[in-house]
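The values are calculated or read from the model by the stated rules, or taken from the named source; none is laboratory data. Computed from a prediction, not measured in an experiment: that's the story for all the values here. All Cβ positions, glycine included, derive from the backbone under ideal geometry; neighbour counts span all protein chains shown.
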Amino acid sequence: MSWNHRVRKETVDGEDFFTIVEAFYNEKGELRYTTINGVAPVGSTIEELQQSLQWMMDALGKSILEEPIVYVADDDDKDGGSSQFGVGA
């Protein structure tokens, strides 16, 4: 499984907001789920923080997601889900 940062658009009371989320992909490169909440840049060193910020900046060049994508287990998933990702329909 791989991941990257993506921009997600949310509409609240008719107003649009954009946030950075983590997006997770299966071995085929298909988007499987995102974090429900936006994420903040983090690092245990300044260099790691810079890398985190760069990955988030890279997300600005990717297509914008319109809604959370919740975890749904299938035969391709070997990792299982996590409580931060929600439960699929």
Q | Test: residue in the range 36-48 that is polar (S, T, N, Q), in contact (Cβ under 8 Å) with a residue 40 or more places away in the chain and over 17 Å from GLU67 (Cβ atoms) | A | no
Q) Residues of the range 42-72 being assigned to a helix (DSSP H, G or I) and either over 15 Å from VAL21 (Cβ atoms) or out of contact with any His (no Cβ under 8 Å at 6 or more places or on another chain) (or both), which ones? A) ILE46, GLU47, GLU48, LEU49, GLN50, GLN51, SER52, LEU53, GLN54, MET57
Q) Before we move on, is VAL39 surrounded by 12 or more Cβ atoms within 10 Å (Cβ to Cβ) and at pLDDT below 95? A) no
Q | Residue count, the range 1-34 (criterion: touching a residue at least 24 places away in the same chain (Cβ under 8 Å), part of a strand (DSSP E or B), exposed (fewer than 14 other Cβ atoms within 10 Å of the Cβ) and charged (D, E, K, R)) | A | 1
